[in-house]
1. Work out how much length LEU443 to VAL377 would gain on full extension: take 0.36 nm times their residue separation and subtract the Cα-Cα distance, in nm to one decimal.
2. A 20 angstrom limit on the alpha carbon distance is what I want to check against. Which of LYS239/LYS355; LYS104/LYS259; LYS144/LYS430 exceed it?
3. Pull out the extension gain between ALA462 and LYS254, defined as 0.36 nm times the separation in residues minus the alpha carbon to alpha carbon distance; nm, one decimal.
4. Please work out the average accessible area per residue across region 63-112, using the 1.4 Å probe convention, and give it in Å².
5. Highest mean first, how do 411-419, 319-327 rank when packing is the count of other Cβ atoms within 10 Å averaged over residues?
6. Using θ = phi - 60° and the Karplus curve 6.51 cos²θ - 1.76 cosθ + 1.60, what whole-Hz ³J(HN,Hα) does each residue of region 433-440 get, with Gly and Pro shown as x?
7. Quick one: give the max-minus-min coordinate of the C-alpha atoms of region 246-354 along each principal axis, largest first, in Å.
8. Could you give the length gained by full extension between VAL420 and ASN171, i.e. 0.36 nm per residue of separation minus their alpha carbon distance, to one decimal place?
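The values are calculated or read from the model by the stated rules, or taken from the named source; none is laboratory data. This structure is a prediction, so every number in the text was calculated from the model and none was measured. Counting neighbours? That spans all protein chains shown, and the Cβs are built from the backbone with ideal geometry, glycine included. Note: areas computed on protein heavy atoms with side chains; ligands, DNA, RNA excluded. Shrake-Rupley method; radii C 1.70, N 1.55, O 1.52, S 1.80 Å.
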Amino acid sequence: MRRRIIIMGMALLCTFSLFMGMIANAKTKTSGVHQNQLEEYILKEMPEAHVPGMTISIVNDNRELYCAAYGTVQKTEADFTMGALSQTITAAAILHLQEEDELKLDDTVGDYLTDYHSAEAVTIEQLLTHTSGLSKDSDLSDIKLNDEWGDYAYADVNYMLLGKIIESVTNMTYEEYVSDNIFDVLDMNSTFSLSNSKEFSENIVTGYQTYFGFHVPKEIDAQKNKEDAASNSLLSNVKDMGRYLQMFLNDGGKVLDKKSVKKILKGQGDVTDAEASDMLFGTKVSSGMGWMETKVAGTRVLYQLGTAQNATTVAMLLPEENLGITMMFNTMDYLVGQKLIQKMEKGILNIVLGKTADEIGSSTYMTKYAIVDGLVVLALVLAWLPIMMMGFWSHRRKNHIWSIGGICIDGLIHLVVPSVVLGLLYTVAKTDLIRSYMPDLFLAIWAFAISLYIGAVIKLIAMFVYTKKKHAAGVELEEQTVESEEAANSLVEKNEDKSVDKEDTEASKTEEKPADSTTDNTGKMEEKSSESKTEKNKEKSADSKAEKAEDKPAAKAEEKFEQEAAATKE
């Protein structure tokens, strides 16, 4: 009997051990994360996406399954600016305060903050789920409303306000509260705010921004981003974030209760196509509290994307697979590289799930940037084309310098076009987004506008120069005309003087000679008269302008001379 009892006990023990093993195996069934395939994929695709360096961590509920650093990032403890991953921590802090009865999710902003009248009727839950109706262009100094109240519309200011509420409720700084109640509890010893980044500067990774396809080192301005800590500006590494994701896989662990975890992760509302930037997998997405929820190949995935000026991050939770994945890249390339990095993120997830990963392609990055850079160069060439064609412009306008039509065309090209472009940049476009995340495009737009303004200045100077030259030419022509008239008058006076002298000489000779020689003298006088005419013709040909100017006086003088000669002859 005793033997049977022992055998039955051993059988029960074996059965229980097997059952517990099956449970444990179920929870860690993906402990083999296809490491070789994963590393091969990362090493191949990083150059294709032009990623200088990255780190990755994969955990389950009780241990780290895989952690590695690649490229220019030398260690897994390297700290990155997390971007919107900070919001998941802020959401956990708010739910922790609710558990302590310090606040309720249906409380309003006005219950705790008095300086933000535009948002005073917005509830804490609406802030958590980005359904507050606050504009994405808002900041704490200028809160704006849009027409999307109750619908998902991402805006950083939602979580900025949550950070202020935490400080109002606890009488602590945001950094102090999350450090005491989350980071210290989870041994997240390398997670901190930009406001105290100097204390941890040894491990902060060198991040890069991209200018026209080339990586340029970029540092984050800690003071500028201090107020943004609750929304975008916490720093951490994949080691710490692995511990943070384990908290959710353990139903809140020592930080939150299970009910709060479910509340945070549950999708509250669908995200529309207008917010496609939040759709990592191109699938239907609903928004939770700091998390997005979707399904990939039938597997429930919760994720949050983070972007900073010099880094790109993502955190993923797969509750059904008992997995948490964190990836951090030390570059931010909004125009081209961002989409390629997201393709890498999806590829890594597919490998972890045992699926096939899509490859980026060796020419994708260069081809896209060739198009972007080509368009920028074309725009700048078009902006400088009017200046390069100044020769044609001068030939066309020098005789009609101040024509109304020409001035209107030049004004349209050099004043209206650049002013409209800059106006759109600062009114319609997301100026802060372009300036912070696409600095090369921001510079190109300004270069285009300034080039056209320079053309306006050059043409205006040319118009004044041509006007001055034309005026000088007119004065010179007038002076030449006056000089010609004076020369003509002088020549006429000389001819008249000569005629008078000759007449006086002939008259005196006639009086002295006898009457019988009158006939001979008359002949001689006729010869002299003929010679005088010949001399006058030569003088006329020497200066035709003078003769024409005073043609009538010369003719009269000649006629008078001939009459006197005839009288003498008689």
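1. That pair, LEU443 and VAL377, stretches by 22.5 nm at full extension.
2. Details: LYS239/LYS355 25 Å; LYS104/LYS259 14 Å; LYS144/LYS430 14 Å.
Over 20 Å Cα-Cα: LYS239/LYS355.
3. On the way: separation 208, 0.36 × 208 = 74.88 nm, distance 7.65 nm.
Full-extension gain reported as 67.2 nm.
4. In whole numbers, region 63-112 has 36 Å² accessible per residue.
5. Working: 411-419: 15.7, 319-327: 21.4.
With the highest mean Cβ count within 10 Å placed first, the list reads 319-327, 411-419.
6. Running phi through 6.51 cos²θ - 1.76 cosθ + 1.60 with θ = phi - 60° gives 5, 5, 5, 7, 10, 10, x, 5 Hz.
7. Here the spans come out as 41, 30, 27 Å, largest first.
8. Numbers: separation 249, 0.36 × 249 = 89.64 nm, distance 4.77 nm.
Taking 0.36 nm per residue and subtracting the Cα distance, the gain is 84.9 nm.
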